[in-house]
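**Q** Let me begin by handing over the structure; questions about it come next.
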Amino acid sequence: MPPTGITNRIRHLRYEKGEMTQQQLADAVGATRQTIIAIEAGKYAPSLELAFRIARIFQRGVEDVFDYGP
Amino acid sequence: MSQQERVSWVALVVNTVIGYWYFERVFSLPADADLFGPGMAAFAVRLFVLLIVITIACEVALRVVSKSVGSDADKNTIDERDRLIDLKAVRNAYGVLSMGIVIVVVQVVQIEWAQRYRHLRPDPQTMLELIGTGPLGASHVVQLLLLALTLAAITVYASRIFHYRRGY
């Protein structure tokens, strides 16, 4: 379990979306690559706004991308 | 390592080295030295200018190196995580500064009481001893507050690095 308690499928979804790079995702959602790295590793829990923006890039719902398990 | 973290490392090193240089000199001065005198003022101004010049030069050098290596292709230089880390770092620095001010006030009151009730210690030889025994003047209190400010600035950069290393 990551320190934030939030897991995600971003790495898998990037792969599905034509092996999208972390930099491309960062540019698309208006974040830095370091933030995408931290989110993927479960070290940083994004704001609701950023979570929605990431989900929209993959054309999924937020719950399809992020999950919370205590 | 992000550009923000690199800049924080530079600022931490520069502030620590210059802060140590300044206070090492101030605290080793004779107890009767004039801290508001022209010699001390010139030294303080020289160090302050040096601090600004070195910090700017290092930041510019870092940006040039990052661009030439192509390691920092981010369109967004600052995002919500950077702002959150900044807030946490400033909160920690606020705690250090508050603690520093409380310690200065307690020290001034403690010395005042010691003098009033004649619990005086032997004559201090250096500025560091004087700060422990008194009597303190306005210039000594200013130096102690400057020390608290310097420690708060170092706390900002150290906290930023800690949070960047941790991830948030």
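**Q** Conditions: (1) of a type outside the set (Asp, Glu); (2) touching a Lys or Arg at 6+ places or on another chain (Cβ under 9 Å); (3) more than 8 Å from chain B (Cβ to nearest Cβ). Residue A:31 meets all but one. Number of the miss?
**A** (3) is the only condition that residue A:31 fails.
**Q** Which residue is surrounded by the most Cβ atoms within 10 Å (Cβ to Cβ), if the candidates are limited to the stretch A:21-53 and must be in contact (Cβ under 8 Å) with a residue 24 or more places away in the chain and among the aliphatic types (A, V, I, L, M)?
**A** Looking at residues that are in contact (Cβ under 8 Å) with a residue 24 or more places away in the chain and among the aliphatic types (A, V, I, L, M), I get A:39.
**Q** Taking the criterion of being within 24 Å of the chain's Cα centre (by Cα), among the β-branched types (Val, Ile, Thr) and under 30 Å from residue A:39 (Cα atoms), would at least one residue in the stretch B:132-154 satisfy it?
**A** Looking for residues that are within 24 Å of the chain's Cα centre (by Cα), among the β-branched types (Val, Ile, Thr) and under 30 Å from residue A:39 (Cα atoms), one finds at least one in the stretch B:132-154, hence yes.
**Q** Let me ask something else about it. Do we have residue B:50 as assigned to a helix (DSSP H, G or I), loosely packed, with under 15 Cβ neighbours inside 10 Å and at pLDDT 85 or above here?
**A** Yes, satisfied.
**Q** Taking interchain pairs and intrachain pairs at least six residues apart, which have beta carbon atoms under 9 angstrom, with the first residue in the stretch B:36-47 and part of a loop (DSSP other than H, G, I, E, B) and the second surrounded by fewer than 10 Cβ atoms within 10 Å (Cβ to Cβ)?
**A** Listed pairs, sorted by first residue: B:36/B:138.
**Q** Regarding the stretch B:141-160, can at least one residue be identified that is at negative phi and out of contact with any helix residue (DSSP H, G or I) (no Cβ under 9 Å at 6 or more places or on another chain)?
**A** Pass one, the stretch B:141-160, residues at negative phi: B:141-160.
Now restrict to residues that are out of contact with any helix residue (DSSP H, G or I) (no Cβ under 9 Å at 6 or more places or on another chain): B:142.
There is at least one residue in the stretch B:141-160 that is at negative phi and out of contact with any helix residue (DSSP H, G or I) (no Cβ under 9 Å at 6 or more places or on another chain).
**Q** Can you give me the number of residues within the stretch B:19-64 that are within 22 Å of residue B:129 (Cα to Cα) and not charged (D, E, K, R)? Give the steps one after another, and end with the answer.
**A** Going through the stretch B:19-64, the residues within 22 Å of residue B:129 (Cα to Cα) turn out to be B:19-37, B:39-41, B:43-44.
Narrowing the set further to residues that are not charged (D, E, K, R) leaves B:19-23, B:26-31, B:33, B:35-37, B:39-41, B:43-44.
Going through the stretch B:19-64 one residue at a time, the tally reaches 20.
**Q** Still on this structure, please answer the following. Among residues belonging to the stretch B:77-90 that are surrounded by fewer than 13 Cβ atoms within 10 Å (Cβ to Cβ) and not hydrophobic (A, V, I, L, M, F, W, C), point out the one that is nearest to the other protein chains (Cβ to nearest Cβ).
**A** By that ranking, first place goes to B:77.
The values are calculated or read from the model by the stated rules, or taken from the named source; none is laboratory data. Keep in mind that what you see is a predicted model, and the values were worked out from it rather than measured. A quick note on method: Cβ atoms are made from the backbone with ideal geometry, for glycine too, and the neighbour counts reach across all protein chains shown.
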